[in-house]
Amino acid sequence: MINDKAILVGVDGSHASYKATWWAANYAKHAGLTLQIVCAYSLPSYAAVSFDSTYTAMGDDNAAHSDAQEILSKAKAIADGQGVEATTLIVTGDPASVFVELSRNYNLIVIGNRGKGGLAERLLGTTSSSLPAYAYCPIVVVPYTDDDGNLRHLNNTITKVAVGSDESKWGLKALDIAADFAAGWGAELNVISAVPRIQGVDEGEESVMDSYMEDLDVRIKPLLEAHPDLKVNKSVVPGSAVNALTKASYDHDVVVVGSRGRGGFTGLLLGSTSQGLLQHAAGPVYVVPRKYVEAAESRLDTVPSSPADVPTKPLQDISGVEEISVKTADQDQAQDIEATIDPLHGE
């Protein structure tokens, strides 16, 4: 049974999705959470996009279902290799709408990015249908490579967390969650506030920057009181928040950001392929969605890292979701996959 101590990771047979599985299993083990792995496919479009490593004849549901089971078995082997026992699901139909409904039931959903089409494209394709914009729980998006196609190494231990900070309720919730996340790993937290570039005399720009720093000090103060042992660094940088956070993704293990769902900060982060943080980040991005924040606001005793207070849905009430059992693939197979997705695995 799905519960609020579970992480869901989506796979489609791409190396990007297996890398997301590795990250999700590593985090689940550290946080003491359970893991569920879901493979999504749709017909007849399945043959056109296909899973990266397989091909199925148009409309052949039995073969597609069998391929999905094979993909799940490989992903399960990756989780088992880290000492995390995972259960498995298959989703048919439109994955974007199904994942939004599934997000009611989870602590976190993890998906890979920069695969060739497939699941990531369908879940991250546009702001209007983007899972990070409409989910009921936080979403972590794990890139397979950077913009230049270079494989990015994922550390077993998270030591540096960055968070984009502003005064909106979404930004404040992201700040709280980032602090809890960093404290849970014993990591340092770098809080970044971006300031639009100012045209004018240097004295005026310096004054505005000082004002932003003062506001940042006010926002950080409760974090220091709640986490006295947490190392917090702060910076106010001129220019685009997307550019600042994308740069941070190269030397931080996770970047945390809030999402309004439409417009505003989300317009910057999720609005286009050329500008969006999710399209250009070199490391995992932890998105705190609008619905999660609004649900958390509905109760006074909400713990910042707790699941959103929304009604859950039994699996049988979510169309297109099937819980199945699959055999775990051979560990040699899993190790070959891990060596491909991250040559520095284990370091």
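Each reported figure results from applying straightforward, stated rules to the coordinates on display, with no laboratory input. As the structure is a computational prediction, the values presented were derived from the model and not from experiment. Here Cβ is always computed from backbone atoms with ideal geometry, including for glycine, and neighbour counts include all displayed protein chains.
With the simple model of a label 7 Å out from the Cα in the direction of the Cβ, E225 to E167 spans 1.9 nm. Restricting the trypsin sites (Lys or Arg not before Pro) of segment 144-184 to loop positions (DSSP other than H, G, I, E, B) with no more than 13 neighbouring Cβ atoms within 10 Å leaves nothing.
As a proxy for reagent exposure, F181, F99 were ordered by neighbouring Cβ count within 10 angstrom, fewest first; the result is F181, F99. With a simple spin-label model that places each label point 7 Å from the Cα along the Cα-to-Cβ direction, the separation between S211 and N150 comes to 3.9 nm.
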